[in-house]
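For reference, the structure is listed below as structure tokens.
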Amino acid sequence: MRSLRRAFRAVRWYLRELTDESAYDRHVAHLRKERPQAPVPTRREFERMRTDRQEADPRQGFRCC
């Protein structure tokens, strides 16, 4: 049972990293460590900032949708 849970956690971690789902968690951890007084954006605000930044940078490639 323990190995099954460990395998599930490993697959979950891999999928979160693959889809960049963990980006928000990393951003929040970085803010709390480097700038504890800074307001932490909601996940929606973070995703909007990230999307705006990607669309503004031509090096990110073509975005059709």
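The values are calculated or read from the model by the stated rules, or taken from the named source; none is laboratory data. Note that the coordinates shown come from a computational prediction; the quantities given were computed from them, not determined experimentally. When we count neighbours, we look across all protein chains shown, and the Cβ atoms used for this are built from the backbone with ideal geometry, even at glycine. These accessible areas exclude ligands, DNA and RNA; they are computed on the full protein's heavy atoms, side chains included. Shrake-Rupley method; radii C 1.70, N 1.55, O 1.52, S 1.80 Å.
Out of everything in the stretch 16-35 that is open to solvent by 90 Å² or more (accessible area, probe 1.4 Å) and at pLDDT 90 or above, what residue ends up being nearest to Arg50 (Cα to Cα)? Of everything passing the filter in the stretch 16-35, Arg26 is nearest to Arg50 (Cα to Cα). Exactly one residue out of Phe8, Phe46 is part of a helix (DSSP H, G or I) and over 11 Å from the mean Cα position of the chain (by Cα): that is Phe8. Picking from residues in the stretch 11-25 that are acidic (Asp, Glu) and in a helix (DSSP H, G or I), the one that is farthest from Val40 (Cα to Cα) is Glu17.
Listed by first and then second residue, the pairs with beta-carbon distance under 6 Å, at least 6 apart or on different chains, first residue in the stretch 27-43 and within 21 Å of Glu17 (Cβ to Cβ), second exposed (fewer than 12 other Cβ atoms within 10 Å of the Cβ), are Leu31/Ala38. The residues listed here are Val40, Val28; of these, the one that is among the β-branched types (Val, Ile, Thr) and assigned to a loop (DSSP other than H, G, I, E, B) is Val40.
Within the option set Arg43, Arg59, Arg9, being open to solvent by less than 100 Å² (accessible area, probe 1.4 Å) and basic (Lys, Arg) holds for one residue only, Arg43.
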